[in-house]
Amino acid sequence: MYLKLNKMKRYLILIVVIASSIKSFSQILPGTLDVTGMPSVSQNIADLVTEAGQDDDTIGFESNFDEALISFALDPTSAPIVGVVATSEQNCSANVYRYSVFMHIQYDAPANVIIEAKTTSNSGFRFPAVSPYDNLIIQPLGPRDLFPENGGNYIEIPNDAGAAIKVMEFVGCRQDIPIQFRIRPSVKARSGNSNFTLVYTVVASIT
């Protein structure tokens, strides 16, 4: 009889622990995406395709692998009535969500130029490095890792806000995710300087 009671007690404790951890998923807290760096690339005459019938947009040229670094963290919160303040790190530790990152181009990229982006599997760093979520027997969203779309290969960034494309997803807050860019200009593209804006959109979910 004692053994049965002991087993039941352990079972109930496990249920309470899991239920308490899942409770934090019921409300999504606001967060902030920080982007450091922007692709700045140039192509000189020696890099142009010289073979008849070929086009530069089949080859392209790449930025550094960490041309841009993005970080996402939940904002700090406060409760004036009780005077409790939770830092960004504390909120990220206690509230783990799934984040999807979408990208599109604003202010029109130059005509006949394809802009692509990618990151690598599990790139960047967990924030914080350790969370109680990591010790759960059942992790509702899986491990706090990063998963690139398209197998980590380049993805064409649409020149249309209505067609923003998913580039990656990660579980839990994350810092210093490197983004590499590839520019593929057609020979029809005009020479000269061009400016455009890359827009990142982060969508959080509890599933």
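The values are calculated or read from the model by the stated rules, or taken from the named source; none is laboratory data. What you see is a predicted model, and the numbers here were worked out from it, not measured in a lab. Cβ coordinates were reconstructed from backbone atoms using ideal geometry, including for glycine residues, and neighbour counts include every protein chain displayed.
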- Item | Of residues in segment 97-131 being over 21 Å from Pro178 (Cβ atoms) and crowded, with 19+ Cβ neighbours inside 10 Å, the one modelled with the lowest pLDDT | Ala109
- Do we have Tyr154 as farther than 30 Å from Asn64 by Cα, surrounded by 13 or more Cβ atoms within 10 Å (Cβ to Cβ) and of a type in the set (Phe, Trp, Tyr) here? no
- Item | Phe102 being in a strand (DSSP E or B), of a type in the set (Phe, Trp, Tyr) and touching a residue at least 12 places away in the same chain (Cβ under 8 Å) | yes
- Note on the structure: Checked segment 107-129 for anything within 19 Å of the chain's Cα centre (by Cα) and not in a strand (DSSP E or B); matches are Thr119, Thr120, Ser121, Asn122, Ser123, Gly124, Phe127, Pro128, Ala129
- Query: Does segment 137-158 hold any residues that are in a strand (DSSP E or B) and at pLDDT below 95, and which are they?
  - Reply: Glu156
